[in-house]
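Structure provided below as structure tokens; questions to follow.
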């Protein structure tokens, strides 16, 4: 799926802005066909954003069900000669789209784009009305899964419904990404797929172009200065690049892959795709990027910020990337769902490596006696949606050089027998749609007996010793981590990535000796974990949980959200951020001078006596 980019043959109109908004509290909107006429009794709502935190209405913050968005726009009459596509970056979690009162498309899944040709529905000489019904409910067939439970009490004898979720982040809803209208030639380029390679100055680019059979396809690879370094004709082929520049953190060199089509009696089309030349290989103890050992330094993150919720915001994005560079980080995982396309584009430019994750989180009840992979919970419908999500994610992100690995689930109940045939099908889908990138999923310590580890190339481990287990016992962390790493390394002979570890800390809360929720405790837990990491040569990276504090559902274990960030939600550093900055810059300096390695001794910064 091609991101909307302008060229001499393509025009893009951003429909983002302030829309009209109305919550359908009585579930009457679709029944009474609100989409047939302009919405009444609306409030203003920014797009993109989550609607939950915008107003002072607590009932809207926790609203469950349908909401309606509406905007008005005009299009140029010159667009009549083109194919006009309407594209949503996402709608969380289900959407029905109406244009001028007519349904044009539906989509299920809250984190990936969807689009359709709306040329036949547009008024090119008058005003157009776009209406979207968005629903945020989750069930066991959706990704992420959830369930609606009914309750009643003396104050609510008629009963009320609650959305149960099994993931630890707030179920933000709305139009979280940009909304585009764009015009392309009717007989133009439909899709581009590229795979790249790099070895000792020699680069390769294999491509496949989806275009009308009668079109003549021409491709050219341009360097950063616009010079043509390779060219070919045909809808598929391979380009060899001598004296090539590799894409890698610190030197994220991007070429421009220019695709042009010429069709008799039809308009020409041009699409320019940024590409990076790089190779990936996994060995039993290493992750090789461009033939060199790569060590992941970074975080699990969230698309989460004040007021905007999960809505894409360029200011927040650039601030986050600046903080990643300040820390000496080189990577992050898109926990626990695909992020906005603009973030992926910026990671390509900034040289930040990404582990790209599907929204398969919550397939775990954290109770080994409760089965999750059953017909009543994670079932065949869930599997169908999971497979579709994998296909759609790969279709969207496969051309990004920043994406080096697919993560197919987070903390699933992988100790259950029924999960094996389930994940065999999911893995088969990922291998089919992208045979070049490695795959992983994250594992929890509920049971070390994993049924699916053999299916994956890299094993990601989430560990919270002295927090969710043996709470407060920092003296156990290093040994418990070492034992777990040793088990997984010896059992599976695959590289390990410590993909989550950390402790909640309330900014400004201090204690000596360290106690839970103090900034000192967060530092000491991370320090103990990293001592174990440095002692295990099968570990290929460390991703601290989390980059910044983030919102969760309300509960007695969460004080205004999850506080495991090394930054506050407002992106101010805690002590742990300074600790990691010292460690990672020391590691980066060693990488630059001596080749990739990990520190055998922890830095003295904040060292306890």
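Read-outs: derived from the displayed coordinates by stated rules, not from any lab. Please read all numbers here as calculations on a predicted model, not as lab measurements. Positions of Cβ are backbone-derived with ideal geometry, glycine not excepted, and every protein chain shown enters the neighbour counts.
Just the number, please: percent antiparallel of the DSSP beta bridges in the chain, rounded to the nearest 5. Mind dumping the intermediate values first?
Details: 98 of 129 bridges.
In the chain, DSSP labels about 75 percent of beta bridges as antiparallel.
So how long is each side of region 14-122 along the principal axes, counting just the alpha-carbon atoms, biggest first, in Å?
47, 28, 24
Need one number: convex hull volume per residue for region 406-483, Cα atoms only, in Å³. The partial results should precede the final answer.
Working: hull volume 6.9 nm³, N = 78.
Here the figure is 89 Å³ per residue.
Expressed as a rounded percentage, what relative contact order does region 281-594 have, with Cα pairs under 8 Å and six or more residues apart?
Details: 581 pairs, mean separation 61.1, N = 314.
Over region 281-594, the number comes to 19 percent.
Before rounding to the nearest 500, sum -39500 (n - 2.57) across all DSSP H runs of length at least 4 in the chain and divide by the residue total; then give [θ] at 222 nm in deg cm²/dmol. Mind showing how you got there, number by number?
Details: 8 runs with 113 residues, N = 609.
My calculation for the chain gives -6000 deg cm²/dmol from helical runs alone.
Which of 369, 356, 457, 449 comes first, and how do the rest follow, when ranked by fewest Cβ neighbours within 10 Å?
Numbers: 369 5, 356 23, 457 17, 449 10.
If I rank by nearby Cβ atoms, fewest first, I get 369, 449, 457, 356.
Quick check: Cα centre of region 74-119 to Cα centre of region 33-51, how many Å?
16
Bin all alpha-carbon pair distances of the chain at 10 Å intervals from 0 and give each bin's fraction as a whole percent.
3, 16, 26, 27, 18, 8, 2, 0
Roughly how compact is region 296-439, stated as its Cα Rg over 2.2 N^0.38 Å to two decimals?
On the way: Rg = 16.3 Å, N = 144, 2.2 N^0.38 = 14.5 Å.
Output field value: 1.12.
One-quarter of the Cα convex hull surface for region 473-569, in nm²?
Details: hull surface 27.3 nm².
Result: a mean projected hull area of 6.8 nm².
In whole Å, what three semi-axes, largest first, describe the equivalent ellipsoid of region 350-432 built from its Cα gyration tensor (square root of 5 times each eigenvalue)? Could you put the intermediate results ahead of the total?
Values: eigenvalues 135, 39, 18 Å².
That gives 26, 14, 10 Å for the three semi-axes.
If region 95-200 were replaced by its equivalent ellipsoid, with semi-axes equal to the square roots of 5 times the Cα gyration tensor eigenvalues, what would those be, largest first, whole Å? Intermediate values should be presented prior to the final figure.
On the way: eigenvalues 275, 128, 20 Å².
Sorted largest first and rounded, they come to 37, 25, 10 Å.
With 14 Å as the cut-off, how large is the P(r) tail for region 401-443, expressed as percent of Cα-Cα pairs? All intermediate terms of the calculation are to be shown ahead of the outcome.
Values: 454 of 903 pairs.
Counting pairs separated by more than 14 Å, the tail of P(r) holds 50 percent.
Moving on to the next point. Compare the peptides 66-73, 564-571, 403-410 by average per-residue count of other Cβ atoms within 10 angstrom and give them in order, highest first. Could the numbers behind the result be given before it?
Working: 66-73: 19.2, 564-571: 21.0, 403-410: 25.0.
Most protected by this proxy first, the peptides run 403-410, 564-571, 66-73.
Now for a separate question. Expressed in whole Å with the largest first, what are the equivalent ellipsoid semi-axes of region 281-594 derived from the C-alpha gyration tensor as the square root of 5 times each eigenvalue? It would help to have the intermediate numbers written out before the result.
Values: eigenvalues 149, 105, 90 Å².
After scaling each eigenvalue by five and taking roots: 27, 23, 21 Å.
Sort 161-169, 236-244 by packing, meaning the average of other beta carbons within 10 Å per residue, with the highest value first. Before the final figure, lay out each step's value.
On the way: 161-169: 17.3, 236-244: 14.9.
Final packing ranking: 161-169, 236-244.
Next question. What Kirkwood hydrodynamic radius do you get for region 191-278 when you take the inverse of the mean 1/r over all pairs of distinct Cα atoms, in Å?
Working: mean 1/r = 0.0749 Å⁻¹.
Taking the inverse mean of 1/r over all distinct Cα pairs, region 191-278 comes out at 13.4 Å.
Taking N as the number of residues in region 1-46, what value does Rg over Cα atoms divided by 2.2 N^0.38 Å take? If you can, show how the numbers build up before the last one.
On the way: Rg = 16.2 Å, N = 46, 2.2 N^0.38 = 9.4 Å.
Taking N as the residue count of region 1-46, the ratio is 1.72.
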